[in-house]
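Have a look at the structure below, then the notes.
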Amino acid sequence: MSFPVYSEPETWHGIEPADFEVKIRGLKREYTFFHLTDLHMCEFTPDELSEMPEERRTYELQRRDFFTHAWPGAAALWSNYIDCAKAAGADLLLLTGDIIDCPSDANVKVLKDGVRETDIPALYVVGNHDWSFADDYHTPNATAMHRPKFADICNGDPNISWVEYEDLIICAVDDSRHRVFRETADQFLALFEKKKPIILILHVPLYVASMETDCFASWHQLLMMGEKAFYGDDPQVKRFYEAVALAPDTPVKAVITGHLHFHHEDILPNGVPQIVTDKGYTGGCRVIRVVKE
Ligand SMILES: [Fe+2]
């Protein structure tokens, strides 16, 4: 698989958090979450660059040139985002994937150090780029070699993890392959038994007709999951989509996603809001306030 090496750099515009409010009936307290997605860090040690096959090195250096052309550097950028999250009073960082552009040793270290060293807890869901090099994209080798590296920042399991408060659950479900698998869907649906409202974080947004135009304009395809987009006929995706986006009695109160590199706020067919947040590499991020209805 090869991804485009962009020729027109997008402009860094400074960290400008959008905002969004989720209203939930019966909450005992209010919450603030800081959402960061698609930072696409491209860090490499000199050794790993020199040991890469030439084709991979050329490709990765082109990606780095594109994603970092206007950055102050990944580490400084990360700390700027954390300062912004602190200023917002964030209870939790929602990190919805592609924070790194490939699983280089340096990227994984910067990411893990960044998550560990901040005093704001974080919930991470992997993106499609996080755990694969483009020339080994989502292969069994990538699954075996790289996905396990994310376990410790995904509370033990890159497939699904959650943070549970007294009156709210924030759940991260991996849909980085534009699909969910049976065991993950089972685990997610079992959370409904807790009878708490759920905020779901994904990398890839769920299909919603009103995002088709924007999605096509940016990507020339429907980079969403379910229905008319990816894996709409897959039984597990159908089951997941039905439970989140169609069921009128779903406990899901909001879906927070990235992947598309633009801001978008929408409503799924059953009335649940779905929020897409703009790419971190140009300064996009979002503050999400969860308030009592
Ligand atoms: Fe992505």
Take the residues in the stretch 87-119 that are in a loop (DSSP other than H, G, I, E, B) and farther than 16 Å from CYS285 by Cα, then tell me which one is nearest to the ligand (Cβ to nearest atom). ASP101
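State whether one or more residues within the stretch 247-258 are without any contact (Cβ under 8 Å) to a residue 12 or more places away in the chain, surrounded by fewer than 21 Cβ atoms within 10 Å (Cβ to Cβ), farther than 23 Å from VAL163 by Cα and not aliphatic (A, V, I, L, M). Even if it seems obvious, please write down each step before you answer.
To start, the set of residues in the stretch 247-258 that are without any contact (Cβ under 8 Å) to a residue 12 or more places away in the chain comprises 249.
Those left that are additionally surrounded by fewer than 21 Cβ atoms within 10 Å (Cβ to Cβ): 249.
From what is left, the residues that are farther than 23 Å from VAL163 by Cα are none.
Within the stretch 247-258 (the criterion being without any contact (Cβ under 8 Å) to a residue 12 or more places away in the chain, surrounded by fewer than 21 Cβ atoms within 10 Å (Cβ to Cβ), farther than 23 Å from VAL163 by Cα and not aliphatic (A, V, I, L, M)), the answer is no, since none of the residues qualifies.
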If you scan the stretch 163-192, which residues turn out to be assigned to a loop (DSSP other than H, G, I, E, B), under 19 Å from the mean Cα position of the chain (by Cα) and on the phi < 0 side of the Ramachandran plot? ASP174, ASP175, SER176, ARG177, ARG179, VAL180, PHE181
Looking only at the stretch 143-152, which residues are at pLDDT 95 or above and in a helix (DSSP H, G or I)? THR143, ALA144, MET145, ARG147, PRO148, LYS149, PHE150, ALA151
Which condition from (1) under 27 Å from PHE20 (Cα atoms); (2) over 18 Å from the mean Cα position of the chain (by Cα) is the one that PRO121 breaks? (2)
List the pairs whose first member sits in the stretch 168-187 and is more than 14 Å from MET224 (Cα to Cα) and within 16 Å of the ligand (Cβ to nearest atom), whose second member is of a type in the set (Phe, Trp, Tyr) and modelled with pLDDT of 95 or more, and whose Cβ atoms are under 8 Å apart, counting only residues at least 6 apart or on separate chains? ALA172/TYR124; ALA172/TRP162; VAL173/PHE188; VAL173/PHE240
Of the residues that sit in the stretch 19-41 and are of a type in the set (Ser, Thr, Tyr) and more than 16 Å from the ligand (Cβ to nearest atom), which one is surrounded by the most Cβ atoms within 10 Å (Cβ to Cβ)? TYR31
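Taking the stated definitions as given, is TYR241 within 16 Å of the ligand (Cβ to nearest atom), crowded, with 19+ Cβ neighbours inside 10 Å and among the aromatic types (Phe, Trp, Tyr)?
For TYR241, the condition - within 16 Å of the ligand (Cβ to nearest atom), crowded, with 19+ Cβ neighbours inside 10 Å and among the aromatic types (Phe, Trp, Tyr) - is not met.
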Under the condition of being touching a strand residue (DSSP E or B) at 6+ places or on another chain (Cβ under 7 Å) and under 22 Å from VAL237 (Cβ atoms), which residue from the stretch 151-167 is farthest from the ligand (Cβ to nearest atom)? TRP162
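Rundown of residues vs (1) at pLDDT 90 or above; (2) in a loop (DSSP other than H, G, I, E, B), yes/no style:
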| residue | (1), (2) |
| --- | --- |
| GLY14 | no, yes |
| VAL22 | yes, no |
| LEU27 | yes, yes |
| LEU49 | yes, no |
| LEU61 | yes, no |
Expected output for the stretch 17-46 (first residue of a type in the set (Ser, Thr, Tyr), partner assigned to a loop (DSSP other than H, G, I, E, B) and surrounded by fewer than 15 Cβ atoms within 10 Å (Cβ to Cβ), Cβ below 6 Å, 6+ apart or cross-chain) is THR32/GLY89
Restrict the check to the stretch 211-234 and report whether at least one residue is within 19 Å of ASP157 (Cβ to Cβ), of a type outside the set (Phe, Trp, Tyr), out of contact with any Asp or Glu (no Cβ under 7 Å at 6 or more places or on another chain) and more than 16 Å from the ligand (Cβ to nearest atom). no
Mind telling me which of the residues TYR231, TYR241 ends up being at pLDDT 95 or above and touching a helix residue (DSSP H, G or I) at 6+ places or on another chain (Cβ under 8 Å)? TYR231
Kindly indicate whether any position in the stretch 120-128 is buried (at least 20 other Cβ atoms within 10 Å of the Cβ) and in a helix (DSSP H, G or I). no
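The values are calculated or read from the model by the stated rules, or taken from the named source; none is laboratory data. Remember, predicted model here, so these are calculated numbers, not experimental data. Heads up, the Cβs are rebuilt from the backbone with ideal geometry, glycines too, and the neighbour counts pull from every protein chain shown.
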